[in-house]
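Written out below as structure tokens is the structure these notes cover.
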Amino acid sequence: MLFKRKKPQLLGPRCACVVAAAGASTRMGGVDKLMADLGGESVILRTLRALSASPYIHEITVVTREELLLEIGRLCRDNGLEKVTQVLLGGESRLASVYKGVCQVSGRAKLIAIHDGARPFVTHELIHAVCHAASHCSAAAPAVELTDTVKRVDGVRVTETLDRAALRAVQTPQVFDADLIRAALQRAVEEGQALTDDCAAVERLGAQVCLVPGDPRNLKLTTPLDLALARAMLEEG
């Protein structure tokens, strides 16, 4: 007798995740951070596996560079990542790429999550926390406290020492009401804004963003040192 494999149960309001994976890896010393080896798998594959494993993520759209379109599509097929429904060509900036992805997700999605392709250590618990918060306050993001003193500068001259107790470093995934983030990103694109954070787009509309405790291990791999640290984290388990 043949038994059909049961699909994992999906939870919460329908959430589409847009994965921003169109960056040029300019600070990685010539290494493509998305395709870099991390414990025998590419960084982007680890990221997509983590998102696909969450019952709070219902579908995934990847926005990437032209030269990675076929390779990421192949990785998804070969590894059975059925939640990845689209791999799209990105735009000229992160903002343009994310907006393009947001416009292409399913109209059934009530929430839209936006996650960095180079954050492979995102956990089920963090995804749950941010999706839960966004379902109540329309915009949510994970954030961690700062450990270093932060100073405002003018060139090399310090102009102000900021109170780090009132500052947070924001991570992804950032999760939003679908209509809110579409409207916010559309306005930002039309006005030519150069935003590196999607929360900033909804803040410009006057919407409040709720923060949940982030995860110090949820690294964004930006430099060779970040990649070395990520490999060390995997070895430690």
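Model label points for residue 160 and residue 49, set 7 angstrom from Cα along the Cα-to-Cβ axis, are 4.5 nm apart. Database note for the chain: Cys without another Cys beta carbon under 4.7 angstrom, 15, 17, 76, 103, 131, 199.
Rg and Dmax over the alpha-carbon atoms of the stretch 88-219 stand at 15.7, 51 Å. Evaluating 6.51 cos²θ - 1.76 cosθ + 1.60 at θ = phi - 60° for every residue in the stretch 9-16, the Karplus couplings come out as 5, 9, 10, x, x, 4, 10, 9 Hz, glycine and proline recorded as x.
Convex hull volume per residue, computed on the Cα atoms of the chain, equals 156 Å³.
A full extension of the chain between residue 229 and residue 67 corresponds to an added length of 55.6 nm, given 0.36 nm per residue minus the alpha carbon distance. Here is how the number arises for the chain: DSSP H runs of 4 or more residues each give -39500 (n - 2.57), the sum is divided by the residue count, and the result at 222 nm is -10000 deg cm²/dmol. Quick one: of 33/100; 100/220; 33/110, which pairs are farther than 29 Å apart, Cα to Cα? Long pairs (Cα-Cα over 29 Å): 33/110.
Placing +1 on the Cβ of every Lys and Arg and -1 on the Cβ of every Asp and Glu, with no other charges, gives the chain a dipole of roughly 700 debye about its Cα centre. Placing R0 at 30 angstrom, the Cβ-Cβ distance between residue 200 and residue 37 gives a FRET efficiency of 0.35 after rounding to 0.05.
Bear in mind these aren't lab numbers, they're just calculated from the coordinates by the rules spelled out. The structure presented is a predicted model; accordingly, all values stated were derived computationally and were not measured. Because the Cβ atoms are built from the backbone with ideal geometry, glycine has one as well, and the counts that use them run over all protein chains shown.
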